[in-house]
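Beneath this line is the structure, given in structure tokens, with notes to follow.
The values are calculated or read from the model by the stated rules, or taken from the named source; none is laboratory data. What you see is a predicted model; the values in this text were computed from it and never measured. With ideal geometry, Cβ positions are generated from the backbone for all residues, glycine too; neighbour counts draw on all protein chains shown. Just the protein is used for accessible areas: all its heavy atoms, side chains included, with ligands, DNA and RNA removed. Shrake-Rupley method; radii C 1.70, N 1.55, O 1.52, S 1.80 Å.
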Amino acid sequence: MRITIVEDNSKYALALIDVLDKAFEVVAVPTTTPLNICVAEIRATHPDVVLLDHDVRNNFTGLDIARQLNGIEIIGISAGEQEYCTKHFVLKY
């Protein structure tokens, strides 16, 4: 399985690579490029799944990236609480 990591914090990215590289093929994509280049680089890795940071601290967010990755499995990651998470994943009893 190939996992592509999109994380702007190098410490977090290295930690994810360190843990996941033992069992999977892992590729990291930089978030310092423009949105279209970042998306193209993700697609070029041919991932089975993308670990996608929400707050990539650029002129776009992880959600902007996700909207352009149709057909690719995505797992959203974040070190902090993101507003969209509390809105879209509220449990209803």
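Annotations for the structure displayed:
- Length released on extending from Ile75 to Tyr12, taking residue separation times 0.36 nm less the Cα-Cα span: 21.2 nm
- Using θ = phi - 60° and Karplus 6.51 cos²θ - 1.76 cosθ + 1.60, couplings along the range 34-48 (whole Hz; Gly, Pro as x): x, 3, 5, 6, 4, 4, 4, 5, 4, 4, 5, 7, 6, x, 7
- Rounded to the nearest 10 Å², the accessible area of Asp48 at probe 1.4 Å: 80 Å²
- Amide hydrogen neighbours beyond the local backbone of Ile77, cut-off 5 Å, H modeled: Leu52, Asp53, His54
- Within the range 17-77, all pairs of alpha-carbon atoms sorted by distance into 10 Å bins from zero give the percentages 21, 59, 19, 0.
- With both labels modelled 7 Å from their Cα along Cα-to-Cβ, the Leu20 to Arg67 distance reads 2.4 nm.
- Distant-in-sequence amide H partners of Val26 (H built 1.01 Å from N, under 5 Å): Ile3
- Ranking of Asp55, Asp18, Asp8 by solvent-accessible surface, largest first: Asp18, Asp55, Asp8 (1.4 Å probe, protein heavy atoms only, all chains present).
- Relative contact order %, the range 1-81, counting alpha carbon pairs below 8 Å whose residues are six or more apart: 33 percent
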